[in-house]
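Have a look at the structure below before the remarks.
The values are calculated or read from the model by the stated rules, or taken from the named source; none is laboratory data. This structure is a prediction, so every number in the text was calculated from the model and none was measured. All Cβ positions, even for glycine, are placed from backbone atoms using ideal geometry, and neighbour counts span all protein chains on display.
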Amino acid sequence: MWSCGRGVKCYGRVVKTGALVLDDFIPYRLSVASNEVSEAVSRVYRAMFGLSIPEWRVVAVVGETESLTQQAIGQRTAMDKVTVSRAAIRLEARDLIARRPDPQDGRAHQLNLTDAGRTLYHQVAPRALDLERRLFESFSEDERRVLATMLRRIEIAARALQQTATHAGDASAAS
């Protein structure tokens with residue numbers, strides 16, 4: 001946590017030591033930026049392709065591979081299993097993916113794009129890349145690279161915090 005000191009300007013504001021200024025709180029800024037980007041992208045995907053963000057994530061991840069389980073999709077996209085399952089059910093109803101029992105785990109399902117799903121993927125992927133280009137057109141190549149690296153580091157740190165919180169919860173539950 002960054003300390004600004006009592007009565008010292010911090011991010012353009014005079015704050016008390018230890019005061020939280022939400023607008024300057026980086027986790028909050030990340031959340032706001034993520035919500036804004038997701039909303040902008042969601043509107044395009046819904047208007048052009050009738051897809052929600054979870055549905056597009058499933059199509060994109062399965063489109064990068066031959067086949068994935070719903071659990072693997074959840075891990076790769078940081079979506080919970082209920083969100084992945086609901087998206088998969090909607091996509092299957094539209095004949096965009098096929099869900100088949102996993103031969104190695106009868107409780108799991110392998111997801112594959114159908115021909116229609118593959119066609120959709122090839123239509124949406126260029127739009128996704130164009131949205132990314134437009135979103136970051138004011139960034140230099142170096143800034144984009146640094147941002148991507150920093151985001152990956154934040155993701156790793158957040159997972160570590162989640163593990164710490166889980167273990168702290170386990171310890172308090174055991175006592």
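The table below gives the values:
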{"quantity": "Pick from the range 70-89, criterion surrounded by fewer than 17 Cβ atoms within 10 Å (Cβ to Cβ) and of a type in the set (Val, Ile, Thr), ranking: farthest from residue 155 (Cα to Cα)", "calculated": "89"}
{"quantity": "Single unsatisfied condition, residue 144 versus (1) modelled with pLDDT of 95 or more; (2) farther than 21 Å from residue 30 by Cβ", "calculated": "(2)"}
{"quantity": "Of the criteria (1) of a type in the set (Gly, Ala, Ser); (2) surrounded by fewer than 18 Cβ atoms within 10 Å (Cβ to Cβ); (3) assigned to a helix (DSSP H, G or I), which one residue 19 fails", "calculated": "(3)"}
{"quantity": "Residue match in the range 90-100 (condition: crowded, with 17+ Cβ neighbours inside 10 Å, outside the structural domain of residue 42 (by TED's automatic domain parsing), out of contact with any strand residue (DSSP E or B) (no Cβ under 6 Å at 6 or more places or on another chain) and not in a helix (DSSP H, G or I))", "calculated": "yes"}
{"quantity": "Filter result for residue 55 (in the same structural domain as residue 126 (by TED's automatic domain parsing) and either closer than 20 Å to residue 155 by Cα or at pLDDT 85 or above (or both))", "calculated": "yes"}
{"quantity": "Selected residue (criterion: surrounded by the fewest Cβ atoms within 10 Å (Cβ to Cβ)) from residues of the range 46-56 that are assigned to a helix (DSSP H, G or I) and not charged (D, E, K, R)", "calculated": "47"}
{"quantity": "Flag if residue 168 is in a helix (DSSP H, G or I), loosely packed, with under 11 Cβ neighbours inside 10 Å and aliphatic (A, V, I, L, M)", "calculated": "yes"}
{"quantity": "Hey, residue 73 in a helix (DSSP H, G or I), farther than 20 Å from residue 43 by Cα, touching a Lys or Arg at 6+ places or on another chain (Cβ under 8 Å) and among the aliphatic types (A, V, I, L, M) or not", "calculated": "yes"}
{"quantity": "Criterion: free of Cβ contacts under 8 Å to residues at least 12 places away in the same chain, of a type outside the set (Ser, Thr, Tyr), under 23 Å from residue 91 (Cβ atoms) and out of contact with any Pro (no Cβ under 7 Å at 6 or more places or on another chain) - qualifying residue of 60, 47", "calculated": "47"}
{"quantity": "Hits in the range 125-144 - residues which are of a type in the set (Asp, Glu) and not in a helix (DSSP H, G or I)", "calculated": "137"}
{"quantity": "All positions within the range 124-151 that are farther than 30 Å from residue 47 by Cβ and surrounded by 10 or more Cβ atoms within 10 Å (Cβ to Cβ)", "calculated": "145, 146, 149, 150"}
{"quantity": "Flag for residue 43 being outside the structural domain of residue 100 (by TED's automatic domain parsing), surrounded by fewer than 11 Cβ atoms within 10 Å (Cβ to Cβ) and farther than 17 Å from residue 125 by Cβ", "calculated": "yes"}
{"quantity": "Exclusive hit being of a type in the set (Gly, Ala, Ser) and either farther than 23 Å from residue 34 by Cβ or modelled with pLDDT under 90 (or both), set 72, 108", "calculated": "108"}
